[in-house]
1. Could you tell me what percent of the DSSP beta bridges with both partners in the chain are antiparallel, to the nearest 5?
2. How high is the relative contact order of the chain, in percent, with contacts defined as C-alpha pairs under 8 Å that are six or more residues apart?
3. Which length gain, in nm to one decimal place, applies between Arg138 and Ala60 when the Cα-Cα distance is subtracted from 0.36 nm times their residue separation?
4. Listing Lys110, Lys120 from the residue with the fewest other Cβ atoms within 10 Å to the one with the most, what is the order?
Amino acid sequence: MRILGLDPGSRYCGYGVIDDAGSSARYVECGVLTAPATGAMEQRLGEIARGLREVIDELAPDVCAVEDVFSHAQNPRSGLALAQARGMALAVIGLCGLRVASYPPAVVKKAITGSGSAGKEQIARMVQTLIGLRSLPRADAADALAIAITHTRTRAAQNVKLVSSVRRAPL
């Protein structure tokens, strides 16, 4: 099973693709889709959406794992931007006819490091170790790989929430 992990954002969207071979995960590709900081929100999200569609078309994942939106009590604007980016990613994934599994950040951290309060550096180092990368991936890509790895570890568990599967629609 090929899994696309996504760490959506309105300027940066990390992606990571792994193949789940049952007892191990094999690295395929990771990267960061970017949009200019100066554009309007709809332009930035449109740019990232186009890039995400290209990644899905090229790498042909079977399922996508996406981080849940978490509360931004200190900065509601950031929370709203993140929710909009996640919604855009879900729309692209839905148009491609893929299933989606969602994971809260603490679940991802615990699955990767054993601690629900691990920092980004610790997650990146564990991802590097778990899938045998020679160097640390960029933070957004490391987070996306962590989400994909979490899916391989918990897809049979009850806490995975599958979002609807839809037929592929032209973009």
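A short reminder: the numbers here are calculations on the coordinates, not readings from a lab. Keep in mind the model is a prediction, meaning the values are calculated, not measured. Cβ sites come from the backbone with ideal geometry, for glycine too, and all protein chains shown count toward neighbours.
1. On the way: 18 of 27 bridges.
Taking every DSSP beta bridge within the chain, about 65 percent pair in antiparallel fashion.
2. Values: 343 pairs, mean separation 51.9, N = 171.
Contact order relative to length: 30 percent.
3. 25.8 nm
4. Ranked by crowding around the Cβ, least crowded first: Lys120, Lys110.
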